There are 2 protein chains.
Amino acid sequence: MPDTLPPDSVGLVTPQKMVFDEPLALDCGRTLPSYELVYETYGELNADRSNAVLICHALSGNHHAAGYHSLEDRKPGWWETCIGPGKPIDTDHFHVVCLNNLGGCHGSTGPMSINPETGKPYGPDFPIVTVRDWVRSQARLAERLGIEQWAAVIGGSLGGMQALQWAIDFPERLRHAVVIAAAPKLSAQNIGFNEVARQAIMSDPDFHDGHYYEHHTIPRRGLALARMLGHITYLSDEAMRAKFGRELREGKLSFGFDVEFQVESYLRYQGQSFVEKFDANTYLLMTKALDYFDPAADYDNDLARAVDRARAEFMIMSFTSDWRFAPSRSREIVKALVDSRKPVSYAEIEAHHGHDAFLMPIPDYLATFSAYMTRVREGRP
Amino acid sequence: MPDTLPPDSVGLVTPQKMVFDEPLALDCGRTLPSYELVYETYGELNADRSNAVLICHALSGNHHAAGYHSLEDRKPGWWETCIGPGKPIDTDHFHVVCLNNLGGCHGSTGPMSINPETGKPYGPDFPIVTVRDWVRSQARLAERLGIEQWAAVIGGSLGGMQALQWAIDFPERLRHAVVIAAAPKLSAQNIGFNEVARQAIMSDPDFHDGHYYEHHTIPRRGLALARMLGHITYLSDEAMRAKFGRELREGKLSFGFDVEFQVESYLRYQGQSFVEKFDANTYLLMTKALDYFDPAADYDNDLARAVDRARAEFMIMSFTSDWRFAPSRSREIVKALVDSRKPVSYAEIEAHHGHDAFLMPIPDYLATFSAYMTRVREGRP
């Protein structure tokens, strides 16, 4: 980090916390008696409270989407490429809200929080939360912030699923839904990868059926494996080739099982560093929220009927090399919206980065995203 | 298994063993002082010994490619679809040889074998073997069997890589190389998946740095995870959708972490049953042989130059939905052969099964394979 913050950054930001004492009924049938949500905001809320946008995070994201927490911060928030003055989600015009979802491990109520009924951390007893539950909790946050209607709800990957769910569940409370690199539901392959990640965590002897806090352990091996596997699915084959090829770290084969290829080194590093900043029980919950997302399920698997209630305008974006949620999956959403006669724009961005492209400064992507957000801002149809 | 064996099967077969007392120098710089290879044969060797074909196995394969070991056997050999009377590799015409590769866990010398220098199992001290080492050991087996020239060397996946290496290393000793669902070298993504599998095994506390035999343990969790992950890469997204969709085992969501979706059940079963029949140290070795395979490396990464020495005719086959070794990877081999002016046929088979297609009874595949093998048999150019 430079001594001065970049001029196109929102700069120093401070997380805030909202406490909810009214119980929240969840899809699983259980009720959270009370909970807290941690969130950040960037940009000013205008006088008529019409310029607020909600950012929904993906599997390993959190409320810190942009800016820096201190001058010593080495990295900005996870969507710094897209949020800030002059960027697609332009903080000179929008009031941006981003929260850590329920079940998270960065300040909102989740497995690491104290269960008021037992006085101990929830751990594995934290209820399984769904995208619908998240949207419900986000709607309450909006009420408390005095935001009756979002100018837009925006997200990539699992975040995009939340934006889609918002449009279905609270049709009057958002004008635009921006759904990036998402899918209307997971494929068997997607679920398969999630299941391998879960098995890696749950079969780690240090997992202790999720009660590892009490055992003062962390299922490091399992969580690192889950992250390594995740990373492969976030990158395209082409991106990995461009990034690592078959480069050898030491220049020649070692005929052993230590790290040899650069890609191995990268994956091990990603796995190990993730363990320091993410909670395994939260990871399990997030993968389940992904697996369960299926808004068409209540409508005879007819997504067009599921989105029929929506009143928002939609922007759907996908990336050519994304094989986790391929463009064809985004097109399923577009087709359902078209079939249901909803206003929808669709952009398929040429990019070799794979699923991670939604976090990358790809000129075509930023330009398309900016153009749409200008439209959101100007209220043009 | 029925009481009578199917008429298009090679029927009851008995593995044989060949002992090699002459040392084998390996690519890693170490030498195996002696070793054994277990193998099976099907069909008669003709008088001039010209009808022998060698089958090379893939990652988890072995010498038992066709037929049954007993009338109680529930399953035939792994390539029963392609080997037998009237099948593509027609045992009425060919003498088929298939061996378990060095480093294997089904009878050939490998990590579970006794190291003559210590009197204890090799375990993790078994040297890392390469595709080239395998081909060298297979050439010695051919000599002992009195087979001066194979009518064809044939394999799928890692087996196809051996067929390609044969054509380069022993140009005069095979007339045809049939390379199915292979690649000229692994991509960074391929290596990445292998690395996650290795890390799963090696980080299992029951692995004991590979000395688990002595600890009377098996790294079950790790090996099962490796296999689960492997299975996802063997199937196409489409095949998984056709096979499992998002079907729930109990018909409704359980909001817990037990098996819910059919695909989870399938993967867990595959993982757990694999542990009973495969050795973890062998799995590690096989993944390294895959990672290291790169015949162009010695020729300035020019595959056309690498294959220049070859004298065989080539048949390359790929499957449209194979994303582990996609058709584009097979086409790299075809291009190198064409650039090097070698006789090559190429078939890209329409199939939704993914990488596993090479094991499946796909009519177009069997017909194409049969047509080529008829040509091999008749010695037509």
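Derivation of every value follows stated rules applied to the coordinates shown; laboratory data play no part. Given the structure is predicted, the values throughout are model-derived calculations rather than measurements. Cβ: placed from backbone, ideal geometry, glycine included. Neighbour counts: every protein chain shown.
Annotations for the structure displayed:
- The charge dipole of the protein assembly as shown, taken about its Cα centre with unit charges on the Cβ of Lys, Arg, Asp and Glu (plus for the first two, minus for the last two), comes to roughly 820 debye.
- Each Lys or Arg adds one and each Asp or Glu subtracts one; over the other residues with Cβ under 15 Å from the Cβ of A:Ala25, this totals -1.
- What the pair-distance distribution of the range B:128-268 shows, using all Cα-Cα distances binned every 5 Å from zero, is 2, 8, 12, 13, 13, 13, 13, 11, 7, 3, 2, 1, 0 percent.
- Range of Cα positions in chain A per principal axis (Å), largest first: 63, 52, 50
- Counts of other chain beta carbons within 10 angstrom of each beta carbon in peptide B:181-194 average 6.
- Summarising the overall dimensions of the range A:112-164 from its C-alpha atoms, the Rg and Dmax are 14.4, 41 angstrom.
- In range of the label at A:Arg140: residues from the range B:242-267 whose backbone nitrogen is under 18 Å from the point 7 Å along Cα→Cβ: none
- Pairwise inverse Cα distances across the range B:288-361, averaged and inverted, put the Kirkwood hydrodynamic radius at 13.3 Å.
- Average partner coverage of B:254-262, which counts Cβ from other chains inside 10 Å: 5
- Cα-based equivalent ellipsoid of the range B:326-368: semi-axis lengths in Å, sorted from largest, via gyration tensor: 23, 12, 6
- Value of relative contact order over the range B:27-102, rounded to a whole percent, pairs C-alpha under 8 Å and six or more apart: 45
- Listed cross-link partners A:Lys335/B:Lys243; A:Lys120/A:Lys277; B:Lys252/B:Lys277; A:Lys120/A:Lys288; A:Lys17/A:Lys288; B:Lys87/B:Lys288 are compared with a 28 Å cut-off, the Cα-Cα value being larger for B:Lys252/B:Lys277; B:Lys87/B:Lys288.
- Calculated log₁₀ intensity ratio I(q)/I(0) where the Debye formula runs over C-alpha points of the range B:98-205, q = 0.13 Å⁻¹: -0.61
- Extension gain, A:Glu250-A:Ser370: 0.36 nm per intervening residue step, less the Cα-Cα distance, totals 38.9 nm.
- For the protein assembly as shown, the spread of Cα positions along the three principal axes, ordered from largest to smallest, is 95, 59, 52 Å.
- Computed E for A:Ser50/B:Lys277 - FRET, C-beta separation, R0 60 angstrom, nearest 0.05: 0.40
- Debye-sum result for the range B:1-150 in log10 I(q)/I(0), which assumes one identical scatterer on each alpha carbon, at q = 0.12, 0.17 Å⁻¹: -0.53, -0.97
- Rg over Rh [alpha-carbon atoms, Kirkwood Rh] for the range B:33-92: 1.00
- For residues of A:24-33, the mean tally of beta carbons on other chains within 10 Å: 1
- Net +/- balance of residues flanking B:His211 in space, Cβ distance below 12 Å, scoring K and R +1, D and E -1: -3
- Dividing the radius of gyration of the alpha carbons in the range B:222-381 by their Kirkwood radius gives 1.07 for Rg/Rh.
- For the pair A:Asp258 and B:His215, a Förster radius of 22 Å applied to the C-beta separation gives a FRET efficiency near 0.50, rounded to the nearest 0.05.
- Calculated FRET efficiency, B:Asp125 to A:Ala242, Cβ-Cβ distance, R0 = 30 Å: about 0.20 to the nearest 0.05.
- Extension gain, B:Arg74 to B:Thr14, is 20.0 nm, computed as 0.36 nm per intervening residue step minus the present C-alpha separation.
- Distances in nm from A:Glu350 to the matching label points in the other copies, shortest first (labels 7 Å along Cα to Cβ): 2.9
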